[in-house]
Amino acid sequence: MDDIRSSSRRPTIRDVAAQAGVSKSLVSLVFSDPSAVSEARRQRVLAAATELGFTPNFLARALATTNGHFVGILAANLHNPLFAEIVDLVRLELSAVGEYALLTSATLPAADGLSVVDQRTVRSLMDLRPKSVLVVGSIPDFSALSAIPPDIPIVVAAAIPQDFPQASVVRTNDAVGMRLAVGHLAEQGHKRITHISGRTGPVAEARSHGYLTAMRALGLERHARVEEITGDLETQGYEVTKRLLRSPRRPTAIAAFNDLLAIGALDAVTEWVQAGGEPIAVTGYDNTFLAGLRRYSLTTLDAGNLAIARQASNLLMNPPRSGTRGAQHLLNPTLVVRGSSTV
């Protein structure tokens, strides 16, 4: 085996088998299911692998089996701190039980500031035949995932997939969250509470509906106002808030669709106050790390990312039977009060 160690050729599973004096299938079993191999033979294989500098070829193993020994993760937008946090938490949960996760972004930016599904990425991931697939966040068209074989369980986290009944869903309860936000602002004495909604989509619609329901329940329906945005969330939050502050029926509080929108709104409010205007209360949603920064001190809804990640990981590792997939798992958020709403 000196020629292998002294050359640039990567040692193979066949080389390890020859070095250890065992079959190739036994070496494969050591790396795929070590508990099925006796301690003595496992140690002999591992010693040979170490001596040769062998490491398992993750992708080759996936291609050589009906379903790969890994979980595929498709993230809608890795620039969104909510999605990035959930991805990290899921990977931690999976690694704790010895599972691999292969992560990629499911979308590409488009010229209009929105995004489109990256079909090539989805197809490439499916070529590797993951054991299950996690989709984090809202992608523009869930039907683009129809290429995923029906025997591969799919879990969607922090999104509401439309026309995609085969997926199990884990997400925050938007109705509860908006009720908490509006209720908190009303307790602070606000009536003219405006909701700045996200881009069109089922999550934005759910939060807008939750806001309107909460305003009606408090007898504030005549003050209800929903402003929808397009394009970049933070930029649009800033621009829409600037316009609202110049309007005759200026709101005294803003309940934003998420933290990114709320931060844009806070920037506009800061300029308004510095120019002599009255302070405006602002709330966000998701409790991303940005909300806790001293510059913003943003009151927000904690969506329960750790609980979402744990529930999603459990469904990925212990998927429901195909006939029982499609269940919705709603987790109640909690209100985190900071300085932005107590002005």
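For region 201-238, enumerate the residues that are among the aromatic types (Phe, Trp, Tyr) and open to solvent by less than 30 Å² (accessible area, probe 1.4 Å). It would help to see each step written out before you state the result.
Applying the first criterion (among the aromatic types (Phe, Trp, Tyr)) to region 201-238 yields 211, 238.
Matches in region 201-238: TYR211 only.
Can you tell me which of PRO140, PRO109, PRO81, PRO165 is under 16 Å from the mean Cα position of the chain (by Cα), open to solvent by 30 Å² or more (accessible area, probe 1.4 Å) and not small (Gly, Ala, Ser)? The unique qualifying residue is PRO140.
Is it fair to say ARG246 is open to solvent by 10 Å² or more (accessible area, probe 1.4 Å) and out of contact with any helix residue (DSSP H, G or I) (no Cβ under 7 Å at 6 or more places or on another chain)?
Criteria met by ARG246.
Scanning region 183-197 for residues that are of a type in the set (A, V, I, L, M, F, W, C) and over 13 Å from THR252 (Cβ atoms) gives a single hit, ILE196. If you go through region 112-137 and keep only what is within 19 Å of GLU205 (Cα to Cα) and buried (at least 20 other Cβ atoms within 10 Å of the Cβ), you end up with VAL136, GLY137.
Within region 207-236, track down each residue that is touching a residue at least 60 places away in the same chain (Cβ under 8 Å) and at positive phi.
GLY231
The strands (runs of 3 or more DSSP E) found wholly in region 124-212 and carrying at least 3 residues that are over 15 Å from GLY72 (Cβ atoms) and either in contact with a helix residue (DSSP H, G or I) (Cβ under 9 Å, 6 or more places away or on another chain) or of a type in the set (A, V, I, L, M) (or both) occupy 167-172, 193-197.
Yes or no, residue by residue, for (1) farther than 27 Å from HIS190 by Cβ; (2) touching a helix residue (DSSP H, G or I) at 6+ places or on another chain (Cβ under 9 Å); (3) not aromatic (Phe, Trp, Tyr):
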{"site": "ILE263", "(1), (2), (3)": "no, yes, yes"}
{"site": "ARG310", "(1), (2), (3)": "yes, yes, yes"}
{"site": "PRO320", "(1), (2), (3)": "yes, no, yes"}
{"site": "GLN328", "(1), (2), (3)": "yes, no, yes"}
{"site": "LEU335", "(1), (2), (3)": "no, yes, yes"}
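Taking region 249-265 as the range and being in contact with a Ser or Thr (Cβ under 6 Å, 6 or more places away or on another chain) and open to solvent by 10 Å² or more (accessible area, probe 1.4 Å) as the test, only PHE257 passes.
Given the structure, is THR172 hydroxyl-bearing (Ser, Thr, Tyr) and surrounded by fewer than 18 Cβ atoms within 10 Å (Cβ to Cβ)? Outline the logic, then answer.
Values: hydroxyl-bearing (Ser, Thr, Tyr): yes; surrounded by fewer than 18 Cβ atoms within 10 Å (Cβ to Cβ): no.
Here the answer is no, as THR172 does not meet what is asked.
Annotation note: of GLY326, GLY304, GLY276, the sole residue that is on the phi > 0 side of the Ramachandran plot and without any contact (Cβ under 8 Å) to a residue 24 or more places away in the chain is GLY276.
Could you say which residue among ALA64, ALA47, ALA75 is at pLDDT 85 or above and surrounded by fewer than 14 Cβ atoms within 10 Å (Cβ to Cβ)?
Details: ALA64 fails: at pLDDT 85 or above; ALA75 fails: surrounded by fewer than 14 Cβ atoms within 10 Å (Cβ to Cβ).
It is ALA47.
Only residues that are open to solvent by 10 Å² or more (accessible area, probe 1.4 Å) and of a type in the set (A, V, I, L, M) were counted in region 289-308, giving 4.
The values are calculated or read from the model by the stated rules, or taken from the named source; none is laboratory data. Not measured: the values here are computed from a predicted model. Backbone-built Cβ (ideal geometry, glycine too); neighbour counts: all protein chains shown. Protein only, heavy atoms only, side chains kept; ligands, DNA and RNA dropped before computing areas. Shrake-Rupley method; radii C 1.70, N 1.55, O 1.52, S 1.80 Å.
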